[in-house]
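For reference, the structure discussed in these notes is given below.
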Protein chains: 4
Amino acid sequence: MSKGTVVLAYSGGLDTSCILVWLKEQGYDVIAYLANIGQDEDFDAARKKAESLGAKKVFVEDLRAEFVEEFIWPSVQANAIYEDRYLLGTSIARPCIARRQVLIARQEGAQYVAHGATGKGNDQIRFELTCYALYPSVQILAPWRIPEFYNRFKGRKDLMDYAQKHGIPVPATPKAPWSMDANLMHIRWVLGHNHPPSDIFCMTKNPEDSPSAPDVLEIEFSKGAGLSSALFRRAAGGVAIKVPHGVGRIDIVENRFIGMKCRGIYETPGGTILYHAHLDMEIFTMDREVRRIKQGLGINFSELVYNGFWYSPECEFVRHCIAKSQENVEGKVQVSVLKGHVYILGRESPKSPYNEELVSMDVQGDYNPCDASGFIKINAVRLKEYNRLQNYSFRS
Amino acid sequence: MSKGTVVLAYSGGLDTSCILVWLKEQGYDVIAYLANIGQDEDFDAARKKAESLGAKKVFVEDLRAEFVEEFIWPSVQANAIYEDRYLLGTSIARPCIARRQVLIARQEGAQYVAHGATGKGNDQIRFELTCYALYPSVQILAPWRIPEFYNRFKGRKDLMDYAQKHGIPVPATPKAPWSMDANLMHIRWVLGHNHPPSDIFCMTKNPEDSPSAPDVLEIEFSKGAGLSSALFRRAAGGVAIKVPHGVGRIDIVENRFIGMKCRGIYETPGGTILYHAHLDMEIFTMDREVRRIKQGLGINFSELVYNGFWYSPECEFVRHCIAKSQENVEGKVQVSVLKGHVYILGRESPKSPYNEELVSMDVQGDYNPCDASGFIKINAVRLKEYNRLQNYSFRS
Amino acid sequence: MSKGTVVLAYSGGLDTSCILVWLKEQGYDVIAYLANIGQDEDFDAARKKAESLGAKKVFVEDLRAEFVEEFIWPSVQANAIYEDRYLLGTSIARPCIARRQVLIARQEGAQYVAHGATGKGNDQIRFELTCYALYPSVQILAPWRIPEFYNRFKGRKDLMDYAQKHGIPVPATPKAPWSMDANLMHIRWVLGHNHPPSDIFCMTKNPEDSPSAPDVLEIEFSKGAGLSSALFRRAAGGVAIKVPHGVGRIDIVENRFIGMKCRGIYETPGGTILYHAHLDMEIFTMDREVRRIKQGLGINFSELVYNGFWYSPECEFVRHCIAKSQENVEGKVQVSVLKGHVYILGRESPKSPYNEELVSMDVQGDYNPCDASGFIKINAVRLKEYNRLQNYSFRS
Amino acid sequence: MSKGTVVLAYSGGLDTSCILVWLKEQGYDVIAYLANIGQDEDFDAARKKAESLGAKKVFVEDLRAEFVEEFIWPSVQANAIYEDRYLLGTSIARPCIARRQVLIARQEGAQYVAHGATGKGNDQIRFELTCYALYPSVQILAPWRIPEFYNRFKGRKDLMDYAQKHGIPVPATPKAPWSMDANLMHIRWVLGHNHPPSDIFCMTKNPEDSPSAPDVLEIEFSKGAGLSSALFRRAAGGVAIKVPHGVGRIDIVENRFIGMKCRGIYETPGGTILYHAHLDMEIFTMDREVRRIKQGLGINFSELVYNGFWYSPECEFVRHCIAKSQENVEGKVQVSVLKGHVYILGRESPKSPYNEELVSMDVQGDYNPCDASGFIKINAVRLKEYNRLQNYSFRS
């Protein structure tokens, strides 16, 4: 008798193939679910593999358009960046994938969902908080946190043996000492403490091998999201943005939600260009003080998304506020991309308060420089009083 | 009879030379004060010029060491960056210059200080708030805000005529349509809305003309400030950090304190490298939650410094707190610099909580993955309750 | 020939009566404008007085409904409180008054507006920023900042003499050594450093003389604003909320925008009750994390409104976000009011995530206490690592 | 053979007495530890009770002085208040108690600590995070989260039966339907949704039964902490601050760290008076902008302490920063306490920038009101530009 039905987030690789078979072994009916978010994968082959391993059903879902529209654009609007460096390419993919997974689970009457994320990472949290938020009564099977599983599969060797025993196709090449996650926005590698080989990257060229002339792009924004340009069309069409320059590579140690520091290598060419271009257009068109408040909300957004709270009341609230702030973020940014560098050449907008005449040193216009004296003196009232009390002493 | 003595921040250029003579004409005794903060200048020539124009005294002050120690390092510790882009190279120079200026004014018994900053900019505010904070009873003469002055000198032509009439040496080359500010950390140009000529830059090479092999540097931090390395030694020695790569160039529209958006071009090679290296070391060594709070303080710091409040009770408070946060920011960062790009190669520290074993996917150690299930479930309590109330609907 | 037309914010008192006449004397046509925001005033008498003093036109405008709807409710939603104490009763009245003033100025083709606020206070800023924001080309006449005016009227004696000379009715009673501002929400007195006389208050009774039995009220909120209840109906009807208890009196030193500390006495009975009741309902119905973010926005709102930026892009943005946060702030709060104290008795809401069963110590339900162990252990990961590095020492 | 030694946080009540015996039954050696933080308890009797139940050792520790010095004062300095209402009386007691508990555990070579906190509350987290932070290798036994325990003791009846069976003295009175936590600062009750009986309170009188004349106190601060005054001396002497007025009672629904909303009744007379007095002195003496930053840090502090992170790097950092901000918070506040209300009568300080002459409407002094015109006009630059773009429309 079946223990019930489980919808497994299936990647086609060794780990989730073993999990598929192991779950069946444990008595579950397994529905394999494979999300296409722009990663480089033979989806037909993966479907056949899952079927051959005994999946009751296989869903291969094309989520590229919704990934771009509902996850990438809001992140671009937020200038989302975790700890000032990481553009959240994996973090925003997880709720997109998990949302469809629980939708399938509800449709198919499955009480369980499963995933192959490890027990020390962020992805387990992002998957599961999404599942609980959208399907509160769901039961989650995370084999890498189930002692029967993780005690049985202590290393790659154990997975290989199990695969061989159960007719799971075994990859010919020995596994690299890192894990990888890819989608149309970025690729992430989790490594130990060694320098990554320079041929690890897939979406970008090594800066040193890049063309020596820059690519010049023009990016157009409407309400803070991408309107047109080759870059956007490719993304919206689900084509991973690969660039012939080494743009968007970072090697960082970051702080996981779980409380550990870990090292990651990221490659986010399109996201990096969009980040810089959007930042430029935002400051060009947005009031200074609105932007100060929005900057804080963007930091909130980044932390929430990194920690897995995309589907939470607070993240929903923050997304609403940020979208409101973007109403006038409209215009075109010219960008030069060379080797690893993104350089903004210029910008134009029908909605910018930038006023060349007002700011000109040669035109006085409506502006009376004497007002600045009053402005400064009033700002100094408080400082003078402080001096009076503290008797500020010189230190030079 | 003299109206009193004024200490003028003198640059040696046409504007402040005219101001020097004009102030004398108005009946002031003028002390010329020229600060060396690493800009490219013939200080002896400037001294002689001031003397020949009738300055009662001339002070040429070498502030390079204190600029590095007291202004650049605290900014590096703060990861100071205004509106996510500008590294504040001019903003931090102003209080450094003005502090010495009021010190001289006090020593010389001068009731007045003067400067040549314009009436629409930030620099007037930075100069004057420093003066008022450190010498509350000082009187400030800002000719570009005095109608008798600015109505007389409506354009460069008027300055040239005045110079010729009063024996002020006139520059041979026609003035470029931008103003420039330089110190050992950076150069700023204020431009209108056109693309800058590619030969405007002084501290960096055009990325396209840069060497095609990267420079690899190692930067060592102690308490968040620079300890050694060629880069630091040069800076501390007052040598402007010029790099053979196009690192640290930006073209931005920024929001002035005065409420206008203005366009600036900056070139900050050393500061850009230090920014990235310090950020890397900080996140590597600092607790995640301390860093979140410190990040907010760093934003405060950046806004305060940009707006001219270096000498204010709140900026003093923030600097104290940030310095406290840096106690363990110690170690070495390896950096690759190529064309316009800074790429972090790796880092090491005796004080990092980074724990390769703890984070390893292969070593379980003290960490029990089942704990993560509880962690996630408790974090989901609130989300489930929200779902119960809102009846979260699917949108795909 | 007339210098032009000025719309004067007229209160009916000695100061603005003198200003009215003085402005005429200076050659302006004066339109007197008197706003009814619930203060205790004989508006007919004031109209006649203005007419008799030579006002070209007199507008007496009843702004009570819009003051409640557009200014008090958003402030209640924001839990607006400046420096943790002041409920902003005067701050929110100023933009309400000034908005109508510039509307009249535009309608009447007046290029000028004038007010009687002093040159050291906040009100001048609140008036004028509203005017500039809504009518950018307006010219503002602030006599207390015009040397010809303030040098002529150095004290009350000068105003009295001027009044007598120009047939302005002179108040019989000697002026109290404080200024007062009243509306249906509150009264403010600006005092020096002495204790105020206990009979200064108008809207509340001295606590010691209050009834010894509490008043019990029920307040109903819908989207964070008041729905019904006697309290709200009275306010919406423009009746100042006076309570027979000493609720809402405070004696504070506050920080003005202009950089000074000043002492004020406030009396805000209804606002104080609403503040506590709304806070209770908000935390009862709102998600914890949404509320954390909204709390920060409420602090932003309070500072902006205090400083006069009601009509600014950032305050508009913040009001939008706060209103969004209030969508589920719905229900009834029972309040006991006694002497100076407001005590919340209880609350009920159709939209609260409060779940008596979930929180019960006796019912386990869906909640597994073992999950808390994991939650705590994962939260401790970071702390243990810190201990490892710091060697946390005991201090007891 | 013993499973090891456990230090149990023992209260003397029914629950922890049963836990003591149950732990022995499970094979542990039990050291009973009872902290005196000012609660109303017969410590000698409790000691004897623990000995009679088989505790290997009993520690009764007087922590009152360190509770006041190291936990109450920093909280007063922070103006610590959770969700704008709760003064954290229980939250700050937990790390104080747990710190001594792990100190004893280390001294006695115990690998285990235990407590009687329930599995849905905050206290378990506060206890355990402190233990893990200060004694990372400790093992924690939380019986209310151990299935063998909580399945055996499903209600009070089971505890009573167990007590009778094992010679544990059984309380004569039936247990009230709430739990209580007391220390010298406050008492907390956790209730369901009914109104609490009016005789539940211990530290305060019902407002209606309070004296009808106010108590007038003077409170003196030095560096933001209490210097002298009867109130402080009593607290420092470990005497719970009871007042003959109903000050400091609140009935709230609050958000637990665990994600639930729960109802609590608190009684914090001394803490409430100190909160208001300190807030008054802080704003009186502190620079406005320092206080704005410090206010944010105080909110951080409150959330951290509420959630159990007293001993964390970030809370340590925040405490350091807040202490720095308090250097000039010095002076005396006069307070009137009546019924449930605290009213500030006045304040004086040798270190306040309050400047009666500067703020006076009658004295002009150094202040030039014309400067305010410039100040306002420059602040309006941005608003006018916004208007130009948005074409702000009138809505009245």
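The values are calculated or read from the model by the stated rules, or taken from the named source; none is laboratory data. Since we're looking at a predicted model, the values are computed, not measured. Glycine also receives a Cβ, built like all others from the backbone with ideal geometry; neighbour counts cover every protein chain displayed. We work out accessible area using only protein heavy atoms, side chains counted, and drop any ligands, DNA or RNA first. Shrake-Rupley method; radii C 1.70, N 1.55, O 1.52, S 1.80 Å.
Considering only residues that are open to solvent by 10 Å² or more (accessible area, probe 1.4 Å) and within 13 Å of chain C (Cβ to nearest Cβ), which ones fall in the range D:83-103? First the steps, then the outcome.
Narrowing the range D:83-103 to residues open to solvent by 10 Å² or more (accessible area, probe 1.4 Å): D:83-85, D:87, D:94, D:97, D:100, D:103.
Correct list: D:Glu83, D:Asp84, D:Arg85, D:Arg94, D:Ile97, D:Arg100, D:Leu103.
If a residue has to be touching a strand residue (DSSP E or B) at 6+ places or on another chain (Cβ under 9 Å), closer than 15 Å to A:Arg188 by Cβ and part of a helix (DSSP H, G or I) to count, how many in the range A:76-95 make the cut?
1
For C:Glu330, work out the one condition from (1) within 8 Å of another protein chain (Cβ to nearest Cβ); (2) crowded, with 18+ Cβ neighbours inside 10 Å it doesn't fulfil.
Single failed check for C:Glu330: (1).
Which numbered condition in (1) within 11 Å of chain C (Cβ to nearest Cβ); (2) in contact with a Ser or Thr (Cβ under 9 Å, 6 or more places away or on another chain); (3) free of Cβ contacts under 8 Å to residues at least 60 places away in the same chain is the only one that D:Asp287 fails?
Condition (3) is where D:Asp287 drops out.
Output the strands (runs of 3 or more DSSP E) that fall wholly within the range D:163-259 and possess 2 or more residues being modelled with pLDDT under 80, or say none. Full working, then the answer.
On the way: elements: D:179-182, D:187-190, D:215-222, D:225-228, D:249-255.
Ranges flagged: D:225-228.
Given the conditions (1) surrounded by fewer than 18 Cβ atoms within 10 Å (Cβ to Cβ); (2) more than 8 Å from every other protein chain (Cβ to nearest Cβ), report the number of the one that D:Glu356 does not fulfil.
(2)
Please work out if B:Leu141 is in contact (Cβ under 8 Å) with a residue 40 or more places away in the chain, at the interface with chain A (Cβ under 8 Å from one of its Cβ atoms) and in contact with a helix residue (DSSP H, G or I) (Cβ under 8 Å, 6 or more places away or on another chain).
Answer is no for this residue.
Here are some residues: C:Gln107, C:Gln77. Which one is among the polar types (S, T, N, Q), over 23 Å from A:Gly374 (Cβ atoms) and in contact with a helix residue (DSSP H, G or I) (Cβ under 6 Å, 6 or more places away or on another chain)?
Working: C:Gln107 fails: in contact with a helix residue (DSSP H, G or I) (Cβ under 6 Å, 6 or more places away or on another chain).
Answer to the check: C:Gln77.
So, A:Ser179, is that one of a type in the set (Gly, Ala, Ser), closer than 18 Å to A:Ser312 by Cα, out of contact with any Pro (no Cβ under 9 Å at 6 or more places or on another chain) and open to solvent by 20 Å² or more (accessible area, probe 1.4 Å) or not? Working first, answer last.
Details: of a type in the set (Gly, Ala, Ser): yes; closer than 18 Å to A:Ser312 by Cα: no; out of contact with any Pro (no Cβ under 9 Å at 6 or more places or on another chain): yes; open to solvent by 20 Å² or more (accessible area, probe 1.4 Å): yes.
In short, no.
Where the second residue is of a type in the set (D, E, K, R) and the first is within 7 Å of another protein chain (Cβ to nearest Cβ) and lies in the range C:294-318, which pairs have Cβ atoms under 7 Å and are six or more apart or on separate chains?
C:Ser312/A:Glu289; C:Pro313/A:Asp287; C:Pro313/A:Glu289; C:Glu314/A:Asp287; C:Glu314/A:Glu289; C:Phe317/A:Lys324
Any idea how many residues of the range D:104-123 are over 18 Å from C:Asp362 (Cβ atoms), touching a residue at least 24 places away in the same chain (Cβ under 8 Å) and open to solvent by 20 Å² or more (accessible area, probe 1.4 Å)?
Within the range D:104-123, residues that are over 18 Å from C:Asp362 (Cβ atoms), touching a residue at least 24 places away in the same chain (Cβ under 8 Å) and open to solvent by 20 Å² or more (accessible area, probe 1.4 Å) number 5.
Condition first: closer than 12 Å to B:Lys377 by Cβ and either open to solvent by 10 Å² or more (accessible area, probe 1.4 Å) or under 20 Å from the mean Cα position of the chain (by Cα) (or both). Now tell me which residues in the range A:133-144 satisfy that. Give the derivation first.
Step one: filter the range A:133-144 for residues closer than 12 Å to B:Lys377 by Cβ, giving A:136, A:138-140, A:142.
Hits for the range A:133-144 are A:Pro136, A:Gln139, A:Ile140.
Across the range D:24-75, what is the number of residues that are of a type in the set (Phe, Trp, Tyr) and closer than 30 Å to D:Glu282 by Cα?
Our first condition is that a residue be of a type in the set (Phe, Trp, Tyr); within the range D:24-75, this holds for D:28, D:33, D:43, D:59, D:67, D:71, D:73.
Remaining after also requiring closer than 30 Å to D:Glu282 by Cα: D:67, D:71, D:73.
Of the residues in that region, 3 qualify.
For D:Ala98, state whether it is part of a helix (DSSP H, G or I) and over 21 Å from D:Gly226 (Cβ atoms). Write out each step before concluding.
Values: part of a helix (DSSP H, G or I): yes; over 21 Å from D:Gly226 (Cβ atoms): yes.
It is true that D:Ala98 is part of a helix (DSSP H, G or I) and over 21 Å from D:Gly226 (Cβ atoms).
Going by what's in this entry, would D:Lys57 be described as surrounded by fewer than 18 Cβ atoms within 10 Å (Cβ to Cβ) and either in contact with a strand residue (DSSP E or B) (Cβ under 7 Å, 6 or more places away or on another chain) or under 20 Å from D:Ile168 (Cβ atoms) (or both)?
yes
Which of the residues belonging to the range B:146-164 are under 14 Å from A:Val363 (Cα atoms) and either charged (D, E, K, R) or loosely packed, with under 13 Cβ neighbours inside 10 Å (or both)?
The first filter runs over the range B:146-164 and keeps only residues under 14 Å from A:Val363 (Cα atoms), leaving B:150-151, B:153-156.
The answer is B:Asn151, B:Lys154, B:Gly155, B:Arg156.
Being buried (at least 22 other Cβ atoms within 10 Å of the Cβ) and of a type in the set (Lys, Arg): is that true of B:Arg347 here? Walk me through it before giving the result.
Details: buried (at least 22 other Cβ atoms within 10 Å of the Cβ): yes; of a type in the set (Lys, Arg): yes.
It is true that B:Arg347 is buried (at least 22 other Cβ atoms within 10 Å of the Cβ) and of a type in the set (Lys, Arg).
Which numbered condition trips up B:Glu267, out of (1) within 14 Å of chain D (Cβ to nearest Cβ); (2) open to solvent by less than 10 Å² (accessible area, probe 1.4 Å); (3) more than 20 Å from B:Phe221 (Cα to Cα)?
(1)
For the subset of the range B:44-54 comprising residues that are open to solvent by less than 60 Å² (accessible area, probe 1.4 Å) and small (Gly, Ala, Ser), which member is nearest to B:Gly13 (Cα to Cα)? Walk me through it before giving the result.
Of the residues in the range B:44-54, the ones open to solvent by less than 60 Å² (accessible area, probe 1.4 Å) are B:45-46, B:49-50, B:53-54.
Then keep just the ones that are small (Gly, Ala, Ser); that gives B:45-46, B:50, B:54.
Numbers: B:Ala45: 11, B:Ala46: 8, B:Ala50: 10, B:Gly54: 15 Å.
Only one residue fits best here, namely B:Ala46.
Quick one: which helices (runs of 4 or more DSSP H) sit completely within the range D:282-396 and have at least 1 residues that are modelled with pLDDT under 95, more than 25 Å from the chain's Cα centre (by Cα) and farther than 21 Å from C:Arg256 by Cα?
On the way: elements: D:288-306, D:313-325, D:356-359, D:369-390.
In the range D:282-396, D:369-390 are the helices (runs of 4 or more DSSP H) which contain 1 or more residues that are modelled with pLDDT under 95, more than 25 Å from the chain's Cα centre (by Cα) and farther than 21 Å from C:Arg256 by Cα.
Hey, can you tell me all the residues within the range A:58-73 that are part of a helix (DSSP H, G or I), within 13 Å of chain B (Cβ to nearest Cβ) and not small (Gly, Ala, Ser)?
Looking only at the range A:58-73, we keep the residues that are part of a helix (DSSP H, G or I), and these are A:64-73.
If we keep only those that are within 13 Å of chain B (Cβ to nearest Cβ) as well, we get A:64-67, A:69-71.
Residues satisfying the conditions are A:Arg64, A:Glu66, A:Phe67, A:Glu69, A:Glu70, A:Phe71.
Looking for something part of a helix (DSSP H, G or I) and among the aromatic types (Phe, Trp, Tyr) - is there at least one such residue anywhere in the range D:135-142?
Narrowing the range D:135-142 to residues part of a helix (DSSP H, G or I): none.
No.
Any residue that is surrounded by fewer than 18 Cβ atoms within 10 Å (Cβ to Cβ) and within 11 Å of chain D (Cβ to nearest Cβ) - is there at least one of those in the range C:165-173? Step through it out loud before you land on a result.
Residues of the range C:165-173 that are surrounded by fewer than 18 Cβ atoms within 10 Å (Cβ to Cβ), as a first pass: C:165-167, C:169-173.
Applying the additional criterion that residues be within 11 Å of chain D (Cβ to nearest Cβ) yields none.
Among the residues of the range C:165-173, not one is surrounded by fewer than 18 Cβ atoms within 10 Å (Cβ to Cβ) and within 11 Å of chain D (Cβ to nearest Cβ), which makes the answer no.
Determine whether the range D:301-312 contains at least one residue that is among the small types (Gly, Ala, Ser), surrounded by fewer than 23 Cβ atoms within 10 Å (Cβ to Cβ) and farther than 22 Å from D:Leu184 by Cα.
Keep residues of the range D:301-312 that are among the small types (Gly, Ala, Ser), which gives D:302, D:308, D:312.
Among the residues that remain, those that are also surrounded by fewer than 23 Cβ atoms within 10 Å (Cβ to Cβ) are: none.
Checked against the condition, which is being among the small types (Gly, Ala, Ser), surrounded by fewer than 23 Cβ atoms within 10 Å (Cβ to Cβ) and farther than 22 Å from D:Leu184 by Cα, the range D:301-312 yields no hits at all.
Just the residues that are open to solvent by 30 Å² or more (accessible area, probe 1.4 Å), among the polar types (S, T, N, Q) and in contact (Cβ under 8 Å) with a residue 24 or more places away in the chain, please, taken from the range D:186-211.
Passing the criteria: only D:Asn206.
Out of (1) modelled with pLDDT of 95 or more; (2) open to solvent by 10 Å² or more (accessible area, probe 1.4 Å), the odd one out for D:Gly38 is which?
Here D:Gly38 clears every test but (1).
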